[in-house]
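What follows is one structure encoded as structure tokens, with my remarks underneath.
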4 protein chains.
Amino acid sequence: MNKITILIHCKDLSGIIASVTNFIVEQNGNIIYLDQHVDREQDIFFMRLESEFIGDNFSTDAFKSAFKTTLAEKFEMKWRIYSSHNKPKMALFVSKYDHCLYDILGRYNSGELNLEIPFIISNHIDLKPIADSFKIPFFHIPVTKATKAEAEDKQLELLKTYNVDFIVLARYMQIVSSKLINKYPNKIINIHHSFLPAFVGAKPYHSAYKRGVKIIGATSHYVTEELDAGPIIEQDVAHISHTYTIEALIAKGRDLEKIVLANAIKLHANRKVMVFNNKTVIFS
Amino acid sequence: MNKITILIHCKDLSGIIASVTNFIVEQNGNIIYLDQHVDREQDIFFMRLESEFIGDNFSTDAFKSAFKTTLAEKFEMKWRIYSSHNKPKMALFVSKYDHCLYDILGRYNSGELNLEIPFIISNHIDLKPIADSFKIPFFHIPVTKATKAEAEDKQLELLKTYNVDFIVLARYMQIVSSKLINKYPNKIINIHHSFLPAFVGAKPYHSAYKRGVKIIGATSHYVTEELDAGPIIEQDVAHISHTYTIEALIAKGRDLEKIVLANAIKLHANRKVMVFNNKTVIFS
Amino acid sequence: MNKITILIHCKDLSGIIASVTNFIVEQNGNIIYLDQHVDREQDIFFMRLESEFIGDNFSTDAFKSAFKTTLAEKFEMKWRIYSSHNKPKMALFVSKYDHCLYDILGRYNSGELNLEIPFIISNHIDLKPIADSFKIPFFHIPVTKATKAEAEDKQLELLKTYNVDFIVLARYMQIVSSKLINKYPNKIINIHHSFLPAFVGAKPYHSAYKRGVKIIGATSHYVTEELDAGPIIEQDVAHISHTYTIEALIAKGRDLEKIVLANAIKLHANRKVMVFNNKTVIFS
Amino acid sequence: MNKITILIHCKDLSGIIASVTNFIVEQNGNIIYLDQHVDREQDIFFMRLESEFIGDNFSTDAFKSAFKTTLAEKFEMKWRIYSSHNKPKMALFVSKYDHCLYDILGRYNSGELNLEIPFIISNHIDLKPIADSFKIPFFHIPVTKATKAEAEDKQLELLKTYNVDFIVLARYMQIVSSKLINKYPNKIINIHHSFLPAFVGAKPYHSAYKRGVKIIGATSHYVTEELDAGPIIEQDVAHISHTYTIEALIAKGRDLEKIVLANAIKLHANRKVMVFNNKTVIFS
């Protein structure tokens, strides 16, 4: 059994859905999921479709080729087609905080995540024992002002060697350069510990404490060149009160960070996220 | 411009989506919304579709007729087709509590609800001034053990006279008989003041207080013969603490009741709810 | 039966709680509620206490006088003492949006609010019928650039005449001047339709839509001279998705605004809010 | 510096708070936290108080003794006094599910939990590697119908040997007998994977799926002889939809279970929970 997932966006035109569904039927596919969205302000059509193909002689490459000439060019689509045989490869970048790392590896271990983790990169050695206990290769690449460019080259080499599809910054306390961002556009997921756009930048819990908010949050977003301004994938919040010290805010926030980041990873890995104009469409 | 909404469910078969979308195209329609769901356990396919038809000579009846012979019979579909020209007519049943009534009429007044309220029925006279201030006909139909059957006949007559499509029990403190339920299957919406299935029946806030729960809830569901056991449309909850008296629970609960019921009404009126096997499919 | 509520804040010193509770006992009071909070960063002690006094010869004024000389001066307290016989008087300022007004008056009518509403002021005439139906005096005071100072003088006169204790801006679409703010410090409650500090200023729902957030919020705060920067009393949020248009955001936001504002009003009217250094302490 | 926490409940009488606070002052203590609650229905007074004592010659035992004769007997109090020098010892019982175990040990490792974990007991060997990687003793005590009594004796012996203060059933898939419950009254914390009292007993996610609820929950409670009916410490919920399969419910539920159980553990370990009449008072 072959199963593919198709993601499409293009200018909204009459007849797209029927054309796509017909094409699937002609290719002997059975549609098992279809959802679409029209951004009426920008007049853009988005679609996500899953289809199964029975029979051994199905070729994803042949399908893609036919899709391109029959449909994509006609409607001037931006499109991606994924075979379910290929699990995405996710590189984890961490620094010293371990809560997101434990959470992700715990889920990975229990089979909750539909992806592979070829390695973990860190600018510190501290979390190596955790990587070891989960038997995942750990590369220690220190980053200083002087060695930043060199460190990034090492990262890029590893990413290439292992055919990494996307990167997760699990509280990686370094700003990623445009070189890496441009190689992985909308493929680097960060977790920011505030409900963006409030409290952009460093020490958001301290800012939240100072402002006296009654709610704290966490936001997972794709990394773009502007700090903490990329497309938002997932957000969640928790109620707090005046009794919370900064330390209590940070502890409460850790739970938000873990769950928001894990949800963003699952959405991305299951190919449920589309990005357009710095916003996301999240399919169910 | 004509716009229709189609709701379908049937056994899950290959080719349904393509057949339906093709049919729309052949009828010169432009699909503006499509969502579907497959209940894999029961092997049932659900679809909701909105389509626009340009041109003055579109006839909803002709469309329905063609849909029936071309598609519905082939796939043995259960189906409903609504024209956007017809706003659903909603009868409100109330007793003495006014919070849901104020909330619904406030929303109605501000144009938030896509429906018409031809009248309000109550077994008490108390809320008539509110109905008057919103200029909506109010019928006082007292209910006693002795007069219950007679009262229900009066209700049914009014419902028929005004061509009512669905009924909302906005804290109507009477059990509705099977006669009414059978006339309006999955068309009577109740608000129950607990997170069902916890605390079925009378005085759920008192039961919640006694059990010492840390969360209270409200549930909007379709009325079926079994008390508080019908298909759930919408639920929400609020956190409470040991400091809440029963009175405080009730006050907090009123806010839940209002919002949960309003959301259920909107979902139903916008034809986003399908019922199968005592559960709902809620489209976005 | 006399019941008083005491609110205190002062530098944190040893022995305050014992001194205050002893004082109450000496005055033949029975403490029925006591909660305290210490802001360790600023070394400030906050306390809220409710006490009952049996016997007809209790005088709140005499109590206040004794409290002042015995305790307040010794510990250099800022303090307020309220008798439960005096319900606070709340003036409502509105413009054209009716959802918060309906919500507040509905609660007022049902006895949920422990306060009096002597009048409603609006810069537009539109909502007068609602005020009329609830039988509350409505003063139409138009505001233009030219007449703003004059309008505010009229407002101040009404506030004085009716002995108003605090003001609620229930989506009042005017910026209140420092003259009014200084007369009612930490006594003017506003509802802002975002999770502050995100989206300060005009049209926050439009900004939220543009940024592509997955959560919207509402914030009730005391009005200070800096726009939307006053002490936060209450906040709440709701999850949204890419399917929400701006209109849908606004509709969803209305529910947040109503409930957040109502909660803030209740906290303030029940003397559960203390303000220090632009932050609030909210007692249970 | 010595710090103690006092928990009291007794019949509500006039003068308790003043008597207690005076007593602390006489013992040269500085009260740094005081909260109280009166259950008016049952006329019971609850208080939690933290006090610091400067000076080397403070003795918790002497304090307890003085407290008993001076206060506790007079007011017929039930009371507990804890020194902050003694961290509570928590035994973990697990079976095969690892998500709560990872979560608790991750928090333990990062210093978030104010307690000690002397050992982990399991009826299966599966999770031993996790215990090993966190360097915590792991005892495999299989449980069958035939060996249940014997297994429990082994458990009791370990609990005694290690001076365990309380037990956490982190998805321990065995019913605990009354022998253990009676030795640890209100000291065995369970996590149940539903919003109790809905879906008592086995397979609550399956029941939730069948009932078609729109919200799932998790509940942490003290274990009593009646199944899933003990005093509730903490609850939380998550919204779901018709698109969730049972597997998706279970995955979503795992996140609830982890956080609800962790919060309950923290409340208990920080001596913030009092139990009366099968309900909890939770101090802030």
Which of the aspartates and glutamates could a cross-linker span from residue C:145 if the Cα-Cα distance has to be under 15 Å and same-chain partners fewer than 8 positions apart are dropped?
C:153
Of B:34, B:60, B:6, which is farthest on the positive side of the dipole of region B:2-83, counting Cα position, with +1 on Lys and Arg Cβ, -1 on Asp and Glu Cβ, and the Cα centre as origin?
B:60
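For residue D:270 and residue C:68, FRET efficiency with R0 = 41 Å and r from the beta-carbon atoms, rounded to 0.05? Can you show the working numbers first?
Details: r = 38 Å, r/R0 = 0.92.
Computed FRET efficiency for residue C:68 and residue D:270 comes out at 0.65.
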I need the fraction of alpha carbon pairs in the protein assembly as shown separated by more than 40 Å, rounded to a whole percent.
52 percent
Over 27 Å between C-alpha atoms is what I'm after, so list which of D:64/D:183; A:203/D:135; A:279/B:11; B:128/C:128; A:87/A:128; A:210/C:154 land there.
A:203/D:135; A:279/B:11; A:210/C:154
Region C:162-275, dipole about Cα centre (Lys/Arg Cβ +1, Asp/Glu Cβ -1), debye to the nearest 20:
80 debye
Modelling each spin label as a point 7 Å along the Cα-to-Cβ direction, I'd like the residue C:229/residue B:183 distance in nm, to one decimal.
6.3 nm
Rounded tilt (10° steps) of B:148-161 against the dominant C-alpha axis of chain B:
40 degrees
Given charges at beta-carbon only (K, R positive; D, E negative), |dipole| of region A:2-83 in Debye:
140 debye
Would you calculate the separation in nanometres between label points at residue C:114 and residue C:126, each defined as 7 Å from the Cα along the Cα-to-beta-carbon direction?
3.5 nm
Treating cross-link reach as a plain straight distance, find the aspartates and glutamates whose alpha-carbon is under 13 Å from the alpha-carbon of residue D:160, omitting any fewer than eight places away in the same chain.
D:152
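Per-residue ellipticity at 222 nm for chain B, helices alone: DSSP H runs ≥ 4 residues times -39500 (n - 2.57), over residue total, nearest 500 deg cm²/dmol?
On the way: 8 runs with 88 residues, N = 284.
Estimated from H runs of four or more residues: -9500 deg cm²/dmol.
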Efficiency of FRET between residue A:252 and residue B:173 - r from beta-carbon atoms, R0 45 angstrom, step 0.05
0.65
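Kindly state, to the nearest 0.05, the FRET efficiency for residue B:1 paired with residue C:96, given R0 = 30 Å and r defined as their beta-carbon distance.
Working: r = 30 Å, r/R0 = 1.00.
Efficiency for this residue pair is about 0.50.
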Determine, for B:89, D:210, B:11, the number of other Cβ atoms within 10 Å of each Cβ, and report the residues in order from fewest to most.
B:11, D:210, B:89
So if each residue of separation counts as 0.36 nm, and I subtract the Cα-Cα distance between residue C:207 and residue C:80, what length gain in nm does that give?
41.7 nm
Helix C:16-26 axis, angle to chain C major axis (alpha carbon atoms, nearest 10°)
70 degrees
Given labels modelled 7 Å from the Cα in the Cβ direction, how far is it in nm from residue A:139 to residue B:241?
5.0 nm
Could you give me the ³J(HN,Hα) list for region B:198-212, computed from phi with Karplus coefficients 6.51, -1.76, 1.60 and θ = phi - 60°, whole Hz, x at Gly and Pro?
6, 6, 5, x, 6, 6, x, 5, 5, 5, 5, 4, 5, 6, x
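Let's see if you can work this out: charge +1 on each Lys and Arg Cβ, -1 on each Asp and Glu Cβ, no other charges. What is the dipole magnitude of chain C about its Cα centre, in debye to the nearest 20?
The calculated dipole for chain C is roughly 540 debye.
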Those aspartates and glutamates that a straight Cα-Cα span of less than 18 Å connects to residue B:252, excepting residues fewer than 8 apart in one chain:
B:98, B:103, B:234, B:236, C:103, C:112, C:234, C:236, C:255, C:257, D:236
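Throughout, read-outs are computed from the coordinates displayed, never taken from laboratory work. Just so you know, these numbers come straight off a predicted model, no measurement behind them. Methodologically, a virtual Cβ is constructed for each residue, glycine included, from the backbone with ideal geometry; neighbour enumeration extends over all protein chains shown.
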